[in-house]
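Notes follow once the structure below has been shown.
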Amino acid sequence: MELKDVVSSVIALVAVVIAWLALRHANSSADAAEKANTLAQEANSVAKEALDMQLEIDRRSWVSFEFNQRGRSRYELRHTGTKTAACVVVDIGDLGFDDDPPVKEFGDFKPGRVEPFMLHGGFDPDNEKVRVHWVRPDGERESQEFLID
């Protein structure tokens, strides 16, 4: 065998090894790219869920009410949220005094607004609830119940 044939064979062998290494590197790069893509999609999905949850928390803080006792029969409804509630209706049932209507409509209820109530205990302690209904700024209806002591 001539030197020229040996050199050609060595060069061919080196070319095969280099091609094999390049193919192996390309396959591992493709696997890494696929894994990176999958992880990016999962991260995007988690981020979207977190954003949706934060938006829902923000929506719920738009309108928030407290109903607190301020004396034996004195109570107050306070809007502790950040946006105006529309079409606010308070259902006191039979907990009001003789001339009090069981349902009071307030229309718009701005943040910080306080409305006083005079209530007495009813005959059914399990059903002594005040119900507040309203429309959120995004148009969704919502309600909340408060137990009266």
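None of the figures in this text is laboratory data; all of them are computed from the coordinates on show. For clarity, every value in this text was computed on a predicted model and none was experimentally measured. All Cβ positions, glycine included, derive from the backbone under ideal geometry; neighbour counts span all protein chains shown.
Observations on the structure shown:
- Normalised contact order of the chain, rounded percent, pairs of Cα under 8 Å and 6 or more residues apart: 18
- Debye, to nearest 20: dipole size of region 18-83, +1 on Lys, Arg Cβ, -1 on Asp, Glu Cβ: 580
- Each of HIS133, HIS25, HIS79 was scored by other Cβ atoms within 10 Å of its Cβ. Listed from fewest to most, they are HIS25, HIS133, HIS79.
- Loop GluC sites (Glu not before Pro), region 1-107 (other Cβ atoms within 10 Å of the site Cβ: 11 or fewer; DSSP): GLU2
- Within straight-line cross-link reach of LYS4, lysines at Cα separation under 29 Å, skipping those fewer than 8 residues along the same chain: none
- For the chain, the Cβ-based charge dipole about the Cα centre amounts to some 660 debye (Lys, Arg positive; Asp, Glu negative; other atoms uncharged).
- Listed residues ALA26, ALA36, ALA86, most fluctuating in the chain (Gaussian network, C-alpha, under 10 Å): ALA26
- Filtered chymotrypsin sites (Phe, Trp or Tyr not before Pro), region 65-149: DSSP coil and at most 13 other beta carbons within 10 Å: PHE97, PHE123
- Between the Cα long axis of helix 3-62 and the first principal axis of the chain there is an angle of about 0°, rounded to the nearest 10.
- Signed unit charges on C-beta, dipole axis of region 18-135, positive-most listed residue SER64, ALA33, LEU51: ALA33
- 17 Å Cα-Cα reach of LYS110 towards lysines, excluding residues that sit fewer than 8 places from it in its own chain: LYS83
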